[in-house]
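In what follows, a structure is listed as structure tokens, so that the remarks can point back to it.
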Amino acid sequence: QDKKLWGGRFAEATDGLVELFNASVSFDQRLAEQDIRGSLAHVAMLGRVGILTPDEVTQIQDGLNAVLADIRAGTFEWRLDREDVHMNVEAALRDRIGPVAGKLHTARSRNDQVAVDFRLFTKEAALDLAGKTRALRAVMVAEAEKHLSSDGAVSDASGPVILPGYTHLQVAQPILLAHWFMAYAAMLERDEGRFRDAAERMDESPLGAAALAGTPWPIDRQATAAALGFARPTANSLDGVGSRDFALEFLSACAILAAHLSRLSEELILYSTFEFGFLSLPDSHTTGSSIMPQKKNPDVSELARGKAGRVFGNLMGLLTVVKGTPLAYNKDLQEDKEGVFDSYDTLNVILRLYADMLPKSAWHADVTKAAAARGFSTATDLADFLARQGVPFREAHEVVGGLVGLASRSGRQLWDLTDAELRAAHPLLNAEVARRLTVEESVRSRQSYGGTAPERVREAVDAAKAALG
Ligand code: ARG
């Protein structure tokens, strides 16, 4: 155990349990690269403004690079008694180059360091997840395009793959499978945007806030901000070291993305059941049971659904940490990191898994089409037919509702009703009209902008492909 870097005023050694409780090195060593990048930018600036001599700058730079090489090689000794990543790096630098290492900490504080390191990390994480979200969106668009014809599906059906569209998980109206994929593509587009917006807003360097109040040293915060790839320095020193809304924003974007992926998971789990039979998930992305030989379980989707819980929890956890902290830095803020790491790692894997798994999943077009025809899914089309002949829509709704009741009581579909039954319900109806109530015709007719007609979905696919480049 060496003397603490902050040990000047202390007469007694730190209690062992306090040391353990206080330390963050077990997890913040993940910020080592960012920490050293920050120190290199800081020391170069100290040299440029004349606070350190060129020789001191060179010694410190060489030492920091050697420490970085040790860390990358895995030979660095992370020490709990050195508390966190910042003091581990600085103490290792002192071990290497002696007391001149102590000049590195001129005109900065650990509060700056952690705020800088963590912003650098979170910005990179946000941009990485933005890219992976975009990649999954490209997969959704490719799947949509594939299923605009039945060629990509397992069946002898022809034409675009038709899926039952649901509301309340009750059959509502037929839709294209491609339309369903494009709905997820739209959500992912906004998810990507949220990550990019967050990255842009957090693109400010707190380095040089110097604990909380700024510093009397003639530092150049613009220069260090630029050297670290930030757009600008933070404008207020208290805010720069005391705020974590950048992490909250990242965690919010993560939580919303996790919610979307969880909805997708829920649908895949349901649709791949024996009872639905809409699709088969690939063997490579499903698992078996140790006792039941027939089982093929959708573990990836179940975990993707389940892990939404921890991703939401990470957001709630940090909101709760931040809400009671007076300005500026408080040690509570050390709790900011693990949730961000966890949400990042969790989504990183799920995004990659789904990008691989979806193209390998086989949709059963004949099953989905048959399911899309059940449950009176074209009842709206029949009501629309009457309304087009001038019958007020509310009245048409009532008439068709009566026919649905009649058919369902006798275990029939609308097109099984007799000519006489249809004519009795309304003089404009007959067997010929009912026969035209196909799922293909229903889908084809939904030409409104954003609707499920094949032409509209084709346009949406083309627009998305152009946007994705
Ligand atoms: N390990 C600390 C954290 O993660 C670094 C900042 C410590 N600052 C301080 N004044 N104790 O927040």
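Read-outs throughout are calculated quantities, based only on the coordinates presented, and are distinct from any laboratory measurement. Being a predicted model, the structure only gives us computed values, none of them experimental. All Cβ positions, even for glycine, are placed from backbone atoms using ideal geometry, and neighbour counts span all protein chains on display.
State which stretch of the chain is the longest one without any exposed GluC sites (Glu not before Pro), exposure meaning a DSSP loop state and at most 10 other Cβ atoms within 10 Å.
Formally, the longest exposed-site-free interval is 78-274.
Between LYS323 and GLN389, what length in nm is gained on full extension when 0.36 nm per residue of separation is reduced by their alpha carbon distance?
17.7 nm
Please give every one of the aspartates and glutamates within straight-line cross-link reach of LYS295, meaning a C-alpha to C-alpha distance under 15 Å, and leave out same-chain neighbours fewer than 8 residues apart.
By straight Cα distance, LYS295 reaches GLU275, ASP283.
What number, rounded to the nearest 500 deg cm²/dmol, is the helix-based mean residue ellipticity at 222 nm of the chain, given -39500 (n - 2.57) per DSSP H run of at least four residues and division by all its residues?
-19000 deg cm²/dmol
Give the separation of the Cα centroids, region 408-459 to region 309-356, in Å.
Answer, in whole Å: 50.
So how do MET187, MET182 line up by other beta-carbon neighbours within 10 Å, fewest first?
Going from least to most buried by this count: MET187, MET182.
In terms of Cα to Cα distance under 22 Å, which lysines are near enough to LYS323, apart from those fewer than 8 places away along the same chain?
Within the straight-line limit of under 22 Å, LYS323 reaches these lysines: LYS331, LYS337.
Within the chain, what is the longest stretch that has no trypsin sites (Lys or Arg not before Pro) placed in a DSSP loop and near at most 11 other beta-carbon atoms within 10 Å?
That gives 4-294 as the longest site-free run.
Just add up the charged neighbours of GLU56: K/R +1, D/E -1, any other residue whose Cβ is under 12 Å from the Cβ of GLU56.
Result for the local shell: -1.
Kindly write out, for region 271-277 in residue order, the coupling ³J(HN,Hα) from the Karplus curve 6.51 cos²θ - 1.76 cosθ + 1.60 (θ = phi - 60°), rounded to whole Hz, with x marking Gly and Pro.
Those phi angles translate into 5, 8, 5, 4, 5, 7, x Hz.
To the nearest 0.05, how large is the calculated FRET efficiency for ARG374 and GLU459 if R₀ is 22 Å and r is the Cβ-Cβ distance?
Approximately 0.15, to the nearest 0.05.
Could you run the Karplus curve 6.51 cos²θ - 1.76 cosθ + 1.60 with θ = phi - 60° over region 438-452 and give me ³J(HN,Hα) per residue in whole Hz, x for Gly and Pro?
Listing the rounded values in order: 9, 5, 4, 5, 4, 5, 4, 6, 8, 8, 4, 4, x, x, 8 Hz.
Which lysines, on any chain, are close to LYS296 with Cα under 29 Å apart, when same-chain ones fewer than 8 places away are left out?
Qualifying lysines at Cα under 29 Å: LYS132, LYS146, LYS307, LYS360, LYS369.
Please return the longest range in the chain lying between exposed loop sites, taking chymotrypsin sites (Phe, Trp or Tyr not before Pro), DSSP loop only, at most 11 other beta-carbon atoms within 10 Å, and leaving the sites out.
11-273
For ASN297, enumerate residues with amide H under 5 Å from its amide H, sequence gap 5+ or separate chain, H modeled in the peptide plane.
Close amide H contacts, sequence-distant or interchain: THR287, GLY288.
What residues qualify as long-range amide H neighbours of GLY165, i.e. H under 5 Å apart, gap of 5 or more or another chain, H built at 1.01 Å from N?
Those qualifying (amide H under 5 Å, at least 5 residues apart or on another chain) are ALA172, GLN173, ILE175.
With the calculation restricted to Cα positions, what are the radius of gyration and Dmax of the chain in angstrom?
Looking at the chain, its Cα Rg and Dmax stand at 30.7, 101 Å.
Enumerate the calculated ³J(HN,Hα) couplings along region 393-399 in order (Karplus 6.51 cos²θ - 1.76 cosθ + 1.60, θ = phi - 60°), each rounded to whole Hz, writing x wherever the residue is Gly or Pro.
Each residue of region 393-399 in turn: 4, 4, 5, 4, 4, 5, 4 Hz.
Please get the size of the charge dipole for the chain, origin at its Cα centre, with Cβ charges of +1 on Lys and Arg and -1 on Asp and Glu, quoted in debye to the nearest 20.
Taking the Cα centre of the chain as origin, the dipole is about 500 debye.
Using alpha carbon coordinates only, what is the Rg to Rh ratio of region 7-106, with Rh defined as the Kirkwood radius?
1.00
Under 5 Å between amide hydrogens, which residues at least 5 positions from SER205 or on another chain qualify, with H placed 1.01 Å from N in the peptide plane?
Result for SER205 returns ARG232, THR234.
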